[in-house]
2 protein chains.
Amino acid sequence: MCGMDLDFHKLGGLVTAVIQDHVSGRVLMVGFMNEEAFRKTVESGYATFFSRSRNKLWLKGETSGHRLVVKEISTDCDKDALLIRVEALGPGVCHEGYESCFFRRLENGEWRVNEKQAYDPNAVYGGRS
Amino acid sequence: MCGMDLDFHKLGGLVTAVIQDHVSGRVLMVGFMNEEAFRKTVESGYATFFSRSRNKLWLKGETSGHRLVVKEISTDCDKDALLIRVEALGPGVCHEGYESCFFRRLENGEWRVNEKQAYDPNAVYGGRS
């Protein structure tokens, strides 16, 4: 397969990966994948990203157990972005304790948290984020 | 507002913007916004991107009339990505004639187009993409 024709060069070796709950349709997070992360995602069936801050592959759920089980993968017209529909294991995808990383909404020019935490991140990550 | 605290530096002045239909929940496209594009999006109520290939602001629907009417804007934990729920004017968002840019699905190691075009892109864009 070898990256299956995705266009990794626009973002310096990465493509954008949008993670969406396959049942509710909620967008849970956005990450980036290099060719190896994409291959691992396809082969293992668990979403694997490339962490730009840690500069290495990152199996989502490595620490928390909150893995993302791949249900369907689509790419866009330019083949530089992925849409991955998943079953999210555990109560929430966000390391801050929310179901989705998109827990802040713009209201009158300010970002407001508009939902409750789904779990206590300190209990899961033990103080690490 | 001045970018409202978004983290534009990780992607060289840009944040990722995921565009989602506010009714169906379908992810329609992924684009990028610089601070000015984000400000114009908020002020005008129409999604405006920064085109990396043309190196300038790009009001989505400028040519086609297929504008994206902003219904809700969220940001993620890192504030380096946006989720914008929209009403998409016109039959499709993708310049290739599809409702969504994510019209190719991975099936047995190959990308397969799994839906019909929603309009004829030549009639709308006159041969330009």
Q: Taking the options A:67, A:26, name whichever one is surrounded by 15 or more Cβ atoms within 10 Å (Cβ to Cβ), closer than 30 Å to residue B:22 by Cβ, facing chain B (nearest Cβ under 9 Å) and not β-branched (Val, Ile, Thr).
A: A:26
Q: Hey, could you check region B:86-105 for residues that are surrounded by fewer than 20 Cβ atoms within 10 Å (Cβ to Cβ) and outside any loop (DSSP other than H, G, I, E, B) and say which is nearest to the chain's Cα centre (by Cα)?
A: B:87
(Q) Could you check region B:29-63 and list, in sequence order, the residues that are among the small types (Gly, Ala, Ser), surrounded by 18 or more Cβ atoms within 10 Å (Cβ to Cβ) and not in a strand (DSSP E or B)? (A) B:37, B:47, B:61
Q) In the set B:99, B:72, B:87, B:43, which member is free of Cβ contacts under 8 Å to residues at least 24 places away in the same chain and farther than 15 Å from residue A:81 by Cβ? A) B:43
**Q.** Selection status of residue A:41, polar (S, T, N, Q), within 13 Å of the chain's Cα centre (by Cα) and closer than 29 Å to residue A:122 by Cβ
**A.** yes
Q) Does region A:106-121 hold any residues that are out of contact with any strand residue (DSSP E or B) (no Cβ under 7 Å at 6 or more places or on another chain) and surrounded by 11 or more Cβ atoms within 10 Å (Cβ to Cβ), and which are they? A) A:107, A:110, A:115, A:117, A:118, A:119, A:121
Q) Among the residues of region A:1-21, is any hydrophobic (A, V, I, L, M, F, W, C), more than 30 Å from residue B:54 (Cα to Cα), in contact with a strand residue (DSSP E or B) (Cβ under 9 Å, 6 or more places away or on another chain) and modelled with pLDDT of 95 or more? A) no
Q) Can you tell me how many residues in region B:106-129 are part of a loop (DSSP other than H, G, I, E, B), more than 10 Å from chain A (Cβ to nearest Cβ) and on the phi < 0 side of the Ramachandran plot? A) 7
Q. Restricting the search to region A:70-96, which residues are in contact with a Pro (Cβ under 9 Å, 6 or more places away or on another chain) and more than 10 Å from chain B (Cβ to nearest Cβ)?
A. A:92
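The values are calculated or read from the model by the stated rules, or taken from the named source; none is laboratory data. As the structure is a prediction and not an experimental result, all values here were calculated from the model. Virtual Cβ from ideal backbone geometry, glycine too; neighbours counted across all protein chains shown.
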